[in-house]
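Data first, discussion second: the structure below is written as structure tokens.
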Amino acid sequence: MLKQRTWVAVAAVVVGFQLLGMCNLFALAMLDPLDFLALQSIRKGLEDLPGSNFFASWDFTSDPCNFAGVYCDSDKVLALNLGDPRAGSPGLTGHLDPAIGKLSALVEFTVVPGRIIGSLPQTLSQLKNLRYNQLTGGIPRSIGTLPALSNVILCHNRLSGTVPPLLSQTLTRLDLKHNDLSGSISPSSLPPSLQYLSLSWNRLSGTVDRALTRMNRLNYLDLSMNRFSGCIPGRVFTFPITNLQLQRNSFTGPVQPPSQVTITTVDLSFNRLSGQISPLFSTVQNLYLNNNRFIGHVPATLVDRLLAANIQILYLQHNYLTGIEINPTASIPLSSSLCLQYNCMVPPYRRLAHSRLGSRRRGQLHSVLSGRGKDGKSHNASRALQEYWRKKIGKEEGAQIMGSTFSGFSFARVCGG
């Protein structure tokens, strides 16, 4: 009787192991064989950097749908997020295997910043998200032909060549910043469905006015640090965005917004823009127009809003402006910054000084304002001017002048020359 019970127990254990093995086989069978083999190839091309253990769970004797970063829908891989997304994670190293293109149902693919090198596989087909590493080569033209593409994120890589035409009418986000892309952007290469467009820190050139005119859904635009030329279309100032970044390009011509600009920050600095500054910029909180070729007077509406602390930053240095209507005794709010250096105007404090000083002191003041002392050596004009008021005019009157005019126009201290 005891022997019979023992055989029954042993049989039960054997059956249990058999059932467990069948469960494992069933789990492995849940994933499409092509996806299973693709994941194996991807794994062979990548390794954890020291300090990372992302691939610790990638044991191909178990269900791949339970791997870190792998998300399945039925028997297909739906999303693949490679690398530990937590801050400070070392990331991965290696290359992306072309087998990634065999994940036919993939709709999301991200890679945590690391040291992944090499070109993007030409086999990319259903991918919607690609994040930054050190990918080189050109952007496959096949990406632009995907009809259901919604996001292309290839920022912070070393991609070169041109931006291929993107034909998807569902594309909402295009982020190619910090690469080595060159060439021009044709008017039809960017779909009007775009809501987020960042092409900064490349070597892109040519005009963009026709391409931008087609956009009517943009809520983010950054074309800075390129070589774009031509005019800036007035339409861009009507986009529902909070930041317009077009600085450090080669844009030319006048800037003419069609209506009052409601964008919080507008940066058009370091271009070749000309003409007069439009008063329609008076509603911008942070306005960077420095290092251009603007002429004429600073609009009175900009000055009024600056003194009312509605404008926080007004950078106009390095232009050809000839005047600004402002009371020399006005005090600029501490929360606001005004830069006017290197223009063609006489600062208000010089006019005030000339009205109070004799000819001898005017000459002394001129040497102070020109940035050179009796020894002919250059020095900090703003600091020297303070010292001049203190010694030549008297402590009480000098304090009044410095408190009203100099504190409001301490250009070198505020914007660094």
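Bridges between two residues of region 201-328, per DSSP, are antiparallel at a rate of about 0%.
Proximity of backbone amide H atoms, modeled 1.01 Å from N, is registered between residue 337 and 313, 314 at under 5 Å, excluding neighbours fewer than 5 places apart on the same chain. Across region 328-343, coupling constants 3J(HN,Hα) worked out from phi with the 6.51/-1.76/1.60 Karplus curve, θ = phi - 60°, read x, 8, 5, 10, 6, x, 4, 7, 10, 10, 10, 10, 10, 4, 6, 10 Hz, and Gly and Pro carry x.
Looking at region 182-231, the trypsin sites (Lys or Arg not before Pro) that sit in a DSSP loop and have at most 16 other Cβ atoms within 10 Å of their own Cβ are 214, 217.
Taken together, the values in this text are just the output of simple stated rules run on the coordinates, not laboratory data. This structure is a prediction, so every number in the text was calculated from the model and none was measured. In this analysis, Cβ positions are derived from the backbone assuming ideal geometry, glycine residues included, and neighbour counts consider all displayed protein chains.
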